[in-house]
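Asker: Pasting a structure here, questions to come.
The values are calculated or read from the model by the stated rules, or taken from the named source; none is laboratory data. All values reported here derive from a predicted model rather than from experimental measurement. All Cβ positions, even for glycine, are placed from backbone atoms using ideal geometry, and neighbour counts span all protein chains on display. Ligands, DNA and RNA are excluded from the accessible area calculation, which covers all protein heavy atoms including side chains. Shrake-Rupley method; radii C 1.70, N 1.55, O 1.52, S 1.80 Å.
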Amino acid sequence: TCCGFCPIDPSTYKLTTSHLRVNKVQHTRCGPIPLCCFGATHLSNNIDLSKVDDVDVTGTPAPCLQRVCCCANGKDVVEVDSRFDKEGKVYLTLAQGDGERVTNLILNQVEEAQKMDRGF
């Protein structure tokens, strides 16, 4: 939040049987600082799971100062690579510890979507 005002809208992800819908929120920034009170751009991307090539997860710990002073948690970044997506790779940012579970869910749905696409 911005001093308790203007809460930051999180990006959202919805997994269905055949698609992954990614709604990203890009905040106006002044360098590395998000200016949440000045609006944001909302981008939507639907990824056909039958066209997904690879799903990877990378864990990133919180910076040392934030861990010590604020008890901050790290984050997991899930990378979804689709061969037909015009934007290339899509990155999902999740709370630390959720990346592995979400990766497994996506991979299971990718396998099912590819089976349906092939007619098995």
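Asker: Quick check, is residue 90 at pLDDT 90 or above and either among the aliphatic types (A, V, I, L, M) or over 21 Å from residue 24 (Cβ atoms) (or both)? Working first, answer last.
Answerer: Working: at pLDDT 90 or above: no; either among the aliphatic types (A, V, I, L, M) or over 21 Å from residue 24 (Cβ atoms) (or both): yes.
Here the answer is no, as residue 90 does not meet what is asked.
Asker: If you take the residues of segment 67-120 that are part of a helix (DSSP H, G or I) and polar (S, T, N, Q), which of them is least open to solvent (accessible area, probe 1.4 Å)? First the steps, then the outcome.
Answerer: Our first condition is that a residue be part of a helix (DSSP H, G or I); within segment 67-120, this holds for 67-70, 99-118.
Now narrow it down to the ones that are polar (S, T, N, Q): 103-104, 108-109, 114.
Numbers: 103: 8, 104: 77, 108: 91, 109: 47, 114: 40 Å².
Here the residue is 103.
Asker: Continuing with the same structure: If you go through segment 77-84 one residue at a time, do you hit one that is touching a helix residue (DSSP H, G or I) at 6+ places or on another chain (Cβ under 6 Å), within 30 Å of residue 119 (Cβ to Cβ) and among the polar types (S, T, N, Q)?
Answerer: yes
Asker: Let me ask something additional. Being touching a residue at least 40 places away in the same chain (Cβ under 8 Å) and farther than 23 Å from residue 98 by Cβ is the filter; apply it to segment 46-66 and report the residue that is surrounded by the most Cβ atoms within 10 Å (Cβ to Cβ). If you could, list the steps in order and put the result at the bottom.
Answerer: Here is the first cut: in segment 46-66, the ones touching a residue at least 40 places away in the same chain (Cβ under 8 Å) are 47-50, 52, 55-59.
Then keep just the ones that are farther than 23 Å from residue 98 by Cβ; that gives 48, 50.
Values: 48: 15, 50: 19.
For segment 46-66, the residue satisfying everything is 50.
Asker: Residue under question is residue 81, and the condition is that it be at pLDDT below 85 and among the acidic types (Asp, Glu); does it hold? Please lay out each step first, then the result.
Answerer: Working: at pLDDT below 85: no; among the acidic types (Asp, Glu): yes.
Considered against the rule, which asks whether it is at pLDDT below 85 and among the acidic types (Asp, Glu), residue 81 comes out as no.
Asker: Within segment 41-66, how many residues are farther than 27 Å from residue 105 by Cβ and not in a helix (DSSP H, G or I)? Explain how you work it out, then say what you get.
Answerer: Within segment 41-66, the first condition is being farther than 27 Å from residue 105 by Cβ, and the residues that meet it are 41, 63-66.
In the following step, the residues that additionally are not in a helix (DSSP H, G or I) were identified as 41, 63.
Of the residues in segment 41-66, 2 are farther than 27 Å from residue 105 by Cβ and not in a helix (DSSP H, G or I).
Asker: Hey, another quick one. Out of the residues in segment 17-39 that are surrounded by 15 or more Cβ atoms within 10 Å (Cβ to Cβ) and aliphatic (A, V, I, L, M), which is farthest from residue 88 (Cα to Cα)?
Answerer: Across segment 17-39, the extreme among qualifying residues is 25.
Asker: Right, here's the next one. Restricting the search to segment 78-88, which residues are without any contact (Cβ under 8 Å) to a residue 60 or more places away in the chain and in contact with a Leu (Cβ under 7 Å, 6 or more places away or on another chain)? Show your work before the answer.
Answerer: The first filter runs over segment 78-88 and keeps only residues without any contact (Cβ under 8 Å) to a residue 60 or more places away in the chain, leaving 78-79, 81-88.
78, the sole residue that qualifies.
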